[in-house]
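These notes concern the structure reproduced below.
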Amino acid sequence: MRTALFCCLLLLPAGVLAQGRNAYKKPFEAGLKQFEDGNYEAALTSFQQALSFKEKASIYRGEGTFSGQYLPRYRIALCYEALDQLIEAEEWANLSKTVLEGDVIKNKRKDLGVYNTDISRILKKAADYRQVRNERYNRALNDAKALVTANKYDQAKKAFEALAESDPSRTEAATELRALPAIRANYLKGRELEVQTAIVQGDFGRAEGLLNSIAEIDSGYANLPVLRSTLEDARKKAEEARIAAATPKSPPDPEPKPAERDTKEETTKVVENTKPPERKTQPRADAAAAKARRDKQALRTALLATVEPYRRGDPANALARLEEIDLKAAEKSASYHWLKGVYLLSAYMQAPDPVENLMTRAREAMKTLSGLMPNFEPNDALYPDFVIDFYRETKAAQ
């Protein structure tokens, strides 16, 4: 097959072969004229077409004694610079340097000086533009993160998407975008937990405000109807209890008078029989019980304080606060180990790169919880699916 093709080429006229080898000249020279006329887009197309015919830079013979400098990548870089597309201009300028297009004119000092000046100018303008673009990107990234902190997740999502599209070479916006659903879910779950706590404490106004804040972020939040129903039921029960307490009770029937005793001996016996039994006090046991109650309340208060950063989507801060709790009762508290596992696992899910130590510690916390409370079963409505699944898998593996 190759031999036949070679024989066919030998039979072609020399002029036809020369025309094929020189096919790059026409679009290249057209590009030079278009660039001179300020038609940079057309010039760019012409230089790219010439490059498709011939990649190697060279000095070529033109009409008569004219000789041209065929430096296609350099010319493409100049077109992109003129079109203010500096990143593309930088790319083609570097390609021109890489394939040593400047060596073609190394004996023409004046032309080589112009070439080097143009290449240096393009690279500097691109570097300056990149710096300005990075500074603008960083400011926009910080603004988008501030939206997350303010719990404006829909606005933050749009901001991160715009940033990711504006500069694909920067990955920070894409990373934040991937972490956003988990941050939002953690915040809403934290708010839901606060609603339930406020209802238990009878702080119905705060519970209502928290429910409204959940609805502002996600009006279709799955547990909103249940939470509102729970709040309404609690309000009704509290009102019923208030009315019952304010309603005067009927006086009890008078007790019958005891029969009169005729003798002093009988009276003495009655008095002795109606004396209250002597109470045996246990001061040490009572003191220990009181201390245990205080420790339990202190631990509960400390644990609730860690929920605040978690609901804001900052499980790392929540974990740091949890580990600062210096109470002996903490290590024997199932709630402590449950929250520790939740915070560790959430921090693992938010990390840009996997941190296996977080996963290992989360598994240990869940195992300890299972040992302290074997029948514990978390509420699916309160925590993200990945937390529930992880706990159940860990428990099943024991």
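The single condition among (1) in contact (Cβ under 8 Å) with a residue 24 or more places away in the chain; (2) assigned to a helix (DSSP H, G or I); (3) touching a Ser or Thr at 6+ places or on another chain (Cβ under 9 Å) that A164 does not meet is (1).
Put simply, of E41, E81, E29 the only residue that is touching a Cys at 6+ places or on another chain (Cβ under 9 Å) and either small (G, A, S) or part of a helix (DSSP H, G or I) (or both) is E41. As a summary of the residue check, L95 satisfies the conditions (1) exposed (fewer than 12 other Cβ atoms within 10 Å of the Cβ); (2) modelled with pLDDT of 95 or more; (3) of a type outside the set (D, E) except for the one numbered (1). Among the residues of region 154-166, those identified as within 17 Å of N134 (Cα to Cα) and either of a type outside the set (D, E, K, R) or surrounded by 18 or more Cβ atoms within 10 Å (Cβ to Cβ) (or both) are A159, F160, A162, L163, A164, S166. Among residues of region 115-144 being modelled with pLDDT of 95 or more and β-branched (V, I, T), the one that is nearest to the chain's Cα centre (by Cα) is I122. Annotation for region 330-353: no member residue is touching a Gly at 6+ places or on another chain (Cβ under 6 Å), at pLDDT 85 or above, under 30 Å from A146 (Cα atoms) and surrounded by 15 or more Cβ atoms within 10 Å (Cβ to Cβ). Among the residues making up region 223-248, those that are part of a loop (DSSP other than H, G, I, E, B) and loosely packed, with under 10 Cβ neighbours inside 10 Å are T247, P248. Would a scan of region 355-362 turn up a residue that is within 25 Å of R178 (Cβ to Cβ), surrounded by fewer than 19 Cβ atoms within 10 Å (Cβ to Cβ), among the acidic types (D, E) and at pLDDT below 85? Within region 355-362, one or more residues are within 25 Å of R178 (Cβ to Cβ), surrounded by fewer than 19 Cβ atoms within 10 Å (Cβ to Cβ), among the acidic types (D, E) and at pLDDT below 85. Yes or no: I183 touching a Ser or Thr at 6+ places or on another chain (Cβ under 7 Å), more than 30 Å from E239 (Cβ to Cβ) and surrounded by 12 or more Cβ atoms within 10 Å (Cβ to Cβ)? When the stated conditions are applied, I183 does not pass them.
Remark: pairs (first residue in region 24-38, over 15 Å from L78 (Cα atoms); second residue aromatic (F, W, Y); Cβ separation under 6 Å; 6+ apart in sequence or on different chains) = Y24/F53. The residue list T306, T368 contains one member that is under 22 Å from L188 (Cβ atoms), surrounded by 14 or more Cβ atoms within 10 Å (Cβ to Cβ) and among the β-branched types (V, I, T), which is T306.
Scanning region 58-83 for residues that are surrounded by fewer than 20 Cβ atoms within 10 Å (Cβ to Cβ) and either modelled with pLDDT under 95 or touching a strand residue (DSSP E or B) at 6+ places or on another chain (Cβ under 9 Å) (or both) yields S58, I59, Y60, R61, G62, E63, G64, T65, F66, S67, G68, Q69.
Where helices (runs of 4 or more DSSP H) sit wholly within region 289-398, those with at least 2 residues that are without any contact (Cβ under 8 Å) to a residue 40 or more places away in the chain and more than 22 Å from the chain's Cα centre (by Cα) occupy 334-350, 356-372, 385-397. The residue pairs whose first member lies in region 173-186 and is touching a residue at least 60 places away in the same chain (Cβ under 8 Å), whose second member is of a type in the set (A, V, I, L, M), and whose beta carbons are closer than 6 Å, counting only pairs six or more residues apart or on different chains, are A182/M349.
The values are calculated or read from the model by the stated rules, or taken from the named source; none is laboratory data. No experiment lies behind these values; they were computed from the predicted model shown. Backbone-built Cβ (ideal geometry, glycine too); neighbour counts: all protein chains shown.
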